[in-house]
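The values are calculated or read from the model by the stated rules, or taken from the named source; none is laboratory data. Nothing here was measured: the structure is a model prediction, and the numbers come from that model. Don't worry about glycine lacking a Cβ; one is built from the backbone with ideal geometry, like all the others, and counts go over all protein chains shown. Heavy atoms of the whole protein, side chains included, go into the accessibility calculation; ligands, DNA and RNA do not. Shrake-Rupley method; radii C 1.70, N 1.55, O 1.52, S 1.80 Å.
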Amino acid sequence: AVMCPMQRDGTAGLLQMDLDRGAAEGVGYIPFLYMDPAHRRQGLGVQLLGQAVSVYRPLGRQYLRLRCAPDNLVAQRFYKRYGFYRVGSAEGTRVPLDLLEKSIGY
């Protein structure tokens, strides 16, 4: 599933959700979340996270999980602000990536 938020006539960002990956573990996996720099700090990124919760929670998922580069301080700060924490390192990647997770259970 892919969601593309629009603002005026332009694309503001992109949210990709893999509805199968992590299902057996109760995880809603986000392979890709991006906000255009011109549209950051306007509350749109957290709305994309909210969309992911609204998709995954009815499917019985207890967590959101995603990968983030440890040196991407802007993204790391954003995810931390909204409750994500590091649960490990992503495997099989060509560069080091943190595996971040957030509880979305009731």
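Computed values, structure above
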{"read-out": "Value at 222 nm in deg cm²/dmol, rounded to 500, when DSSP H runs of n ≥ 4 in the chain each add -39,500 (n - 2.57)", "value": "-6500 deg cm²/dmol"}
{"read-out": "Pair R21, Q62: separation of 7 Å Cα→Cβ label points (nm)", "value": "2.1"}
{"read-out": "Check: the chain dipole with +1 on Lys, Arg Cβ and -1 on Asp, Glu Cβ, in debye", "value": "340"}
{"read-out": "Fraction of accessible area attributable to carbon and sulfur, the stretch 1-94 (%, probe 1.4 Å)", "value": "49"}
{"read-out": "Percentage relative contact order, the stretch 1-84, counting C-alpha pairs under 8 Å, at least six apart", "value": "24"}
{"read-out": "Of P5, Y79, L15, farthest towards positive along the dipole that unit charges on Lys, Arg, Asp, Glu beta carbons give the chain", "value": "Y79"}
{"read-out": "Listed values (1) 40, 10, 9; (2) 25, 12, 12; (3) 21, 18, 13, entry calculated as semi-axes √(5λ) of the Cα gyration tensor in Å", "value": "(3)"}
